[in-house]
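The values are calculated or read from the model by the stated rules, or taken from the named source; none is laboratory data. Quantities reported herein were computed from a predicted structural model and do not represent experimental measurements. Heads up, the Cβs are rebuilt from the backbone with ideal geometry, glycines too, and the neighbour counts pull from every protein chain shown.
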């Protein structure tokens, strides 16, 4: 039986603004096992951002339970959640969120400097290894403005991987990229997933969701779809197709 990275039961989130209560999530159940690649979809206001914030230990539910990599999060304070977030989760954002005046390797190394577990590690070596994993070992000492958008996102992915997290959370990771670069990033995600990395990706684009293995769709705070991806797209194959079209053009 596969190990569960995420187990959520009856998750609800209510935001109160004055006399108005907004139900962002309504009794969500969700299980994610090690090695899955899931796309979370939904229109604006569906609850997907709230769900991702709770999965990422950036927010807490109003009701229900959440277990991350076998650990219950109920009642944990802000410091405990921050420590868990740093050890168990890797984040990839639409805007890259790299420090502008800091080299690629220093950006990747940063999460290791916040590790309060007391373990002794060679942070520079781990950062260089993570960059090599995403094919950017030769760009380690470049600043973000010396890198393309796709390369910057690869640095962000290396930074997410460097702590060896239980799961990657990717929030619209291709939103600022052109078509070819988006497919290149998705090819990297598929490669990492084939290596056993668990990935949860938020997207509003149906085409992007087809690179995942499973789709979770939210509407009005509820899960309305949870199904395997039919006719899953291969990013590697799509890159070959794009290259052939460009060659003819």
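Some values worked out for this structure:
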| read-out | value |
| --- | --- |
| Boolean, residue 203 is closer than 12 Å to residue 38 by Cα, touching a strand residue (DSSP E or B) at 6+ places or on another chain (Cβ under 7 Å) and modelled with pLDDT under 95 | yes |
| Matching option when the condition is closer than 27 Å to residue 219 by Cα and modelled with pLDDT of 95 or more, among 177, 168 | 168 |
| Condition check for residue 181: crowded, with 16+ Cβ neighbours inside 10 Å and assigned to a loop (DSSP other than H, G, I, E, B) | no |
| In segment 212-222, the residues that are buried (at least 22 other Cβ atoms within 10 Å of the Cβ) and more than 15 Å from residue 169 (Cα to Cα) | 218, 221 |
| Selection count, segment 206-237, where residues are assigned to a loop (DSSP other than H, G, I, E, B) and either free of Cβ contacts under 8 Å to residues at least 12 places away in the same chain or closer than 18 Å to residue 33 by Cα (or both) | 5 |
| The lone exception for residue 60 - which of (1) out of contact with any strand residue (DSSP E or B) (no Cβ under 9 Å at 6 or more places or on another chain); (2) at pLDDT 90 or above; (3) surrounded by fewer than 19 Cβ atoms within 10 Å (Cβ to Cβ); (4) part of a loop (DSSP other than H, G, I, E, B) it fails | (1) |
| Within segment 1-43, considering residues that are in contact (Cβ under 8 Å) with a residue 40 or more places away in the chain and not in a strand (DSSP E or B), the one nearest to residue 71 (Cα to Cα) | 3 |
| Residue that is modelled with the lowest pLDDT [pool: residues in segment 127-157 that are more than 20 Å from the chain's Cα centre (by Cα) and assigned to a helix (DSSP H, G or I)] | 137 |
| Given (1) farther than 19 Å from residue 101 by Cα; (2) surrounded by fewer than 23 Cβ atoms within 10 Å (Cβ to Cβ); (3) in contact (Cβ under 8 Å) with a residue 40 or more places away in the chain, number of the condition residue 147 does not satisfy | (1) |
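Quick grid of which residues meet (1) under 19 Å from the mean Cα position of the chain (by Cα); (2) closer than 28 Å to residue 151 by Cα:
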{"site": "7", "(1), (2)": "yes, no"}
{"site": "15", "(1), (2)": "no, no"}
{"site": "25", "(1), (2)": "no, no"}
{"site": "49", "(1), (2)": "yes, yes"}
{"site": "72", "(1), (2)": "no, no"}
{"site": "89", "(1), (2)": "yes, yes"}
{"site": "94", "(1), (2)": "yes, yes"}
